[in-house]
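**Q** Would you mind keeping the following structure in view while I ask a few things?
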Amino acid sequence: MSETVRTQLRVRASELVGRGWLNTGGKSLDLEALRGKIVMLDFWTFCCINCLHVLDELRPLEEKYSDVLVTVGVHSPKFEHEADPVALASAVERYEIHHPVLDDPELATWKAYTARAWPTLVVVDPEGYIVAHLSGEGHADGLAVLLEELVAEHEAKGTLHRGDGPYVAPVPTSGTLRFPGKATQLDNGNYLVVDSGHHRLVELRPDLETVERVIGSGTKGYLDGAAEIAQFNEPQGVAVLPSSLAWQLGYEAVVADTVNHRLRGVTLSSGYVQTVAGNGVQRLLDAGPARVTESGAGVWAEHHDAGPADFAADALDVGVLGAGTGVSLSSPWDVVWSEKLQRVVIAMAGTHQIFAFEPLSGEVSILAGSGLEGLLDGPAEEAWFAQPSGLAVDADDNIWVADSETSALRRLVLGETGVTVESAVGKGLFDFGFRDGEATEARLQHPLGVTVLPDGSVAVADTYNGAVRRYDPAAKAVSTLARGLAEPSDVVVVYPEGGEPLLVVVESNKHQLVLVPIPKEAQQVDEGASQTQRPKSPVAPGNLELTVRFTAPTGQKLDDRWGDPTQLKISSTPPELLLSGGGTSVGLLRNLELSSDVPEGILHITARAAACDGPETEDGEIPDHAACHLYQQDWGIPVVLQADGDSELVLDLRGMD
């Protein structure tokens, strides 16, 4: 593995520069203070689902090597809200980050280490030299090998210092609830709240404060069983099933157990929890499980799964992935029941897709989304999403989606001949803001929740703007219903007896639910549009030589039994930026031709490679029983075209400088 991740040159690590530090008890750190430790820099931003995956991947390594390894989270914000130090402190507490975090709002350290993607990992040895530079997720196994080598090497040299690291736990800020995710109203008038930070469900009475009961032990983990022993791991979404279906199933509610990559069924009468879908293995692609263990040609074959094409012909079967606990999921964030589909619809944030779950058969299928990250409308199987995080069904049985990373409000139109994806509000991955008015010009900022109001308009939990926004489909306009909220993550319409309808807002960063009126006329807000401040890469118009570097980890071999096991998918926003070189083909080298008529844009690049475990046979071939792995990284690289720009772009799929 060391041949894969270790750099070939001895390059001194740059100093850690930023606005301040968290999880250090108020102390500032520098590389000199960390000399003698192996330092792992995790460049992350708290909106990014891939970054959250990496946080969980690193936890076992941090525990095993606690006396020699210091992880430093370098927070490099994408959205304006993420540059708020209070919001960052809340995120560090929310995700239970137990290592120092450098607040780098100006991206000074990001630039110094030439990071290009969230997440990026950089390993610095005890003498202060960079030994690895990795992009994306899925590197835990390789890092474990590298850490063993570094420990042995520097212990022999006398340059390794064992002992406690600089982490200091912050003071908790939550109460009854801790960073709640979603909520739904029950038939008895109470609210079932997903208490994400406490890894449990809480039933609240209509006063929004009194606890009726708790489902789940509150211990992070995975365990089915009675209410008092069941375990969840950062659950987010919840949906209540129709009573006519629930009695057949034996459970009434479905919970998106996000970090466990599972759907859990909850019997509300007793609080009993059972797993109904997901095997706990994180899914990486729409083409198959994250870590493929079966042998044969199916390991690398492209599956070309698609969404439904014709409901009358039961074409949902086209996208069927499997059933129940035999299917891999990836960070399901929200769930909603679709009466028309007779399925639970799932916002599968980790693969940028919309899935569907048929409770009686257990079938899991892809409803919409190609798996590519971005904003692209059209037929379900061709559409792009970016971390969909909120779902709601309207009176016409169409499904509204809060597409968080594109700061967009999307809609799945369930027509008689198929599913079509439309965008109501939103422009792209790097465009956001706080602007009311015509939908084409309106802006949101990383919305997580959505619901349909009594008049058919749509309320959006505009999370990073701290607001509730309203989209009127008839007028195609956006207005503001409330602001000044602390990261609202969900909105629910309720009908008080004898009163006007109200919105219950899950105010996640204040650990509470609050009521918001639904006025006849909304406020008008216009604070302009913004773009993420992520630096644009200067490139020259004309030929751009793209190289994605990948070397199979030690103990693995590229799976070339059925041809080249690597692949590139390339496109651009706007499409006119890329004159040639787009599309999908094998290999990790590509010559692109960029238009001189487009001043700037985004290159969307997806790289894949397949490698298999196990000792090679005498003839050098991979044995049939070998476990195989599929590696993938997506990049959305903002570029600006200028005559003196680069004519070469080099990216790392599994990091070798």
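Readers should treat all values here as calculations from the given coordinates under stated rules, not as data from a laboratory. These numbers come from a predicted model, not from an experiment. All Cβ positions, glycine included, derive from the backbone under ideal geometry; neighbour counts span all protein chains shown.
**Q** Quick one: plug the Kirkwood hydrodynamic radius of the chain (C-alpha pairs) into Stokes-Einstein at 20 °C, 1.002 mPa s, and report D in µm²/s.
**A** 84 µm²/s
**Q** By the gyration tensor of its Cα atoms, with a ≥ b ≥ c the square roots of the eigenvalues, what is the shape of the stretch 1-140: rounded for a/c under 1.5, prolate for a/b over b/c, or oblate?
**A** Rounded shape, in that the Cα axes give a/c under 1.5.
**Q** Given H placed on each backbone N at 1.01 Å, which residues far from residue 551 in sequence or on other chains put an amide H within less than 5 Å of it?
**A** Residues meeting the amide H criterion: 654.
**Q** How much of the pair distance distribution for the stretch 163-202 lies past 12 Å, counting alpha-carbon pairs only, in percent?
**A** Beyond 12 Å sits 65 percent of the P(r) for the stretch 163-202.
**Q** OK, next. At a threshold of 8 angstrom on Cα-Cα distance, excluding pairs fewer than six apart, so keeping six or more, what relative contact order does the chain reach in percent?
**A** Result for the chain is 11 percent.
**Q** Count the net charge of all other residues whose Cβ sits under 15 Å from the Cβ of residue 222, scoring Lys and Arg as +1 and Asp and Glu as -1. Let's see the in-between values first.
**A** Numbers: positive: 59, 200, 220, 262, 264; negative: 56, 224, 234, 257.
With Lys, Arg at +1 and Asp, Glu at -1, the neighbours total +1.
**Q** Classify the stretch 175-277 from the C-alpha gyration tensor, please: rounded if a/c falls under 1.5, else prolate or oblate depending on whether a/b exceeds b/c.
**A** Taking the square roots of the gyration eigenvalues as a ≥ b ≥ c, the stretch 175-277 is oblate.
**Q** Order these by the 10 Å Cβ neighbour count, fewest first: 637, 229, 366.
**A** Neighbour counts put them in this order, fewest first: 229, 637, 366.
**Q** Tell me which residues come under 5 Å, amide H to amide H, from residue 252 once H is placed; ignore anything under 5 positions away on its chain.
**A** 266, 267, 268
**Q** Please determine, in degrees from 0 to 90 and to the nearest 10, the orientation of helix 85-94 with respect to the longest principal axis defined by the Cα atoms of the chain, where the helix direction is its Cα long axis.
**A** So the inclination is approximately 90 degrees.
**Q** Measuring from centroid to centroid over Cα atoms, what is the spacing of the stretch 89-131 and the stretch 150-175 in Å?
**A** Cα centroid of the stretch 89-131 versus Cα centroid of the stretch 150-175: 15 Å apart.
**Q** Could you tally the net charge around residue 514, taking each other residue with its Cβ under 13 Å from the Cβ of residue 514, Lys/Arg +1 and Asp/Glu -1?
**A** On the way: positive: 483, 510; negative: 207, 209, 487, 490, 507.
Within the 13 Å Cβ shell, the charges total -3.
**Q** Follow-up. Could you put 510, 111 in order, starting from the residue whose Cβ has the fewest other Cβ atoms within 10 Å?
**A** If I rank by nearby Cβ atoms, fewest first, I get 111, 510.
**Q** Rounded to the nearest 0.05, what FRET efficiency is calculated for residue 396 and residue 249 with R0 set to 30 Å and r the Cβ-Cβ distance?
**A** The pair residue 396/residue 249 has a calculated efficiency of 0.65.
**Q** Something else: Let me check I've understood the local charge: for residue 174, count other residues with C-beta under 15 angstrom from its C-beta, Lys and Arg +1, Asp and Glu -1. What total comes out?
**A** Local charge sum for residue 174: -2.
**Q** Using a simple charge model, +1 on the beta-carbon of Lys and Arg, -1 on the beta-carbon of Asp and Glu, nothing else, what dipole does the stretch 175-277 show about its Cα centre, in debye to the nearest 20?
**A** It comes to approximately 240 debye.
**Q** If each DSSP helix of 4+ residues adds -39,500 (n - 2.57) and the sum is divided by the residues in the chain, what number results at 222 nm, nearest 500 deg cm²/dmol?
**A** Counting only the DSSP helices, I get -2500 deg cm²/dmol.
**Q** Which cross-chain or sequence-distant (5 or more) residues have an amide H under 5 Å from the amide H of residue 323, H modelled 1.01 Å from N in plane?
**A** 364
**Q** To continue, here is another question. Fewest first, what order do 12, 608, 178 take by the number of other Cβ atoms within 10 Å?
**A** Details: 12 11, 608 25, 178 20.
In increasing order of surrounding Cβ atoms, one gets 12, 178, 608.
**Q** If you don't mind, another one. Just want to confirm a number: the relative contact order over the stretch 1-173, from Cα pairs under 8 angstrom separated by 6+ residues, in percent.
**A** 38 percent
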